[in-house]
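Beneath this line is the structure, given in structure tokens, with notes to follow.
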Amino acid sequence: MKKYAITLAVNRQSHALLVSQTASLLEILRNDLGLTAAKYGCGLGECGACTVLVDGKAARSCIIPARHLAGHAITTLEGLAADGTPHPVQQAFITAQAAQCGYCLNGMIMTSVALLHQEPDASDSRIRDVLAGNLCRCGTHIEILEAVHLARQRVVVTAQLNHVSIED
Ligand code: FES
């Protein structure tokens, strides 16, 4: 099978790879790069377990051919923390104890990060709408929504603090 030489930028690191025509980003992340936070659920782009950020936007890595992503910035759950400090959304999920089996959490967190990055003051109904495409079979939706609300407060407060410090 023909292979394509590509360079992928994942979590601020470049990776030179040989990929097949049909290899999904999820396959490459998990099998070639050892980044296993993104999970295989449906393989059809419908459950959200495989969500990563592509240029800051939530994307379903199971249905995106890796060879199409050269030149794009890919962020996985492993790349969210900075200097060992969890991202505010990760911390909110820990605080709200929003995990049961944990299989959906990668997608829930990555989708929430993308949403709050684009819409830091997203309404409750907007959060529900956006997360509706991420499936959780354990039923921890109440805690997950609580976590995103908590993260929204932290993101808004952080933005306000940054604004103050910039103006000072
Ligand atoms: Fe990608 Fe379900 S595994 S959306």
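The values are calculated or read from the model by the stated rules, or taken from the named source; none is laboratory data. The model shown is predicted, which means the values in this text are computed figures rather than measured ones. Because the Cβ atoms are built from the backbone with ideal geometry, glycine has one as well, and the counts that use them run over all protein chains shown.
Would you call V89 in contact (Cβ under 8 Å) with a residue 40 or more places away in the chain and aliphatic (A, V, I, L, M)?
yes
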Residue list for the range 97-153, filter: among the polar types (S, T, N, Q), touching a helix residue (DSSP H, G or I) at 6+ places or on another chain (Cβ under 8 Å), in a loop (DSSP other than H, G, I, E, B) and more than 15 Å from the ligand (Cβ to nearest atom): Q97
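So that you can scan it fast, the table gives a plain yes or no per residue for (1) in contact with a His (Cβ under 6 Å, 6 or more places away or on another chain); (2) crowded, with 16+ Cβ neighbours inside 10 Å; (3) of a type in the set (A, V, I, L, M):
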| residue | (1), (2), (3) |
| --- | --- |
| K39 | no, yes, no |
| V54 | yes, yes, yes |
| S61 | no, yes, no |
| L69 | no, yes, yes |
Contacts under 6 angstrom Cβ, first residue in the range 17-40 being in contact (Cβ under 8 Å) with a residue 24 or more places away in the chain and within 17 Å of H68 (Cα to Cα), partner within 13 Å of the ligand (Cβ to nearest atom) and in a loop (DSSP other than H, G, I, E, B), 6 or more apart: S24/C62; L25/S61; L25/I64; L26/A38; L26/C50; L26/S61; L26/C62; L29/A38
From R12, R30, residue being within 16 Å of the ligand (Cβ to nearest atom) and either out of contact with any strand residue (DSSP E or B) (no Cβ under 8 Å at 6 or more places or on another chain) or over 19 Å from L105 (Cβ atoms) (or both): R30
Residue under evaluation G43, criteria (1) surrounded by 14 or more Cβ atoms within 10 Å (Cβ to Cβ); (2) at pLDDT below 95, criterion not met: (2)
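Taking the range 40-83, which residues are part of a loop (DSSP other than H, G, I, E, B), more than 7 Å from the ligand (Cβ to nearest atom) and of a type outside the set (S, T, Y)?
Within the range 40-83, the subset part of a loop (DSSP other than H, G, I, E, B) is 40-50, 55-56, 61-64, 69-72, 76, 80-81, 83.
Next cut, more than 7 Å from the ligand (Cβ to nearest atom) only: 55-56, 64, 69-72, 76, 80-81, 83.
If the condition is that a residue be part of a loop (DSSP other than H, G, I, E, B), more than 7 Å from the ligand (Cβ to nearest atom) and of a type outside the set (S, T, Y), then D55, G56, I64, L69, A70, G71, H72, L80, A81, D83 are the ones that fit.
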Set S24, S20: member being out of contact with any Gly (no Cβ under 6 Å at 6 or more places or on another chain), more than 15 Å from the ligand (Cβ to nearest atom) and not acidic (D, E): S20
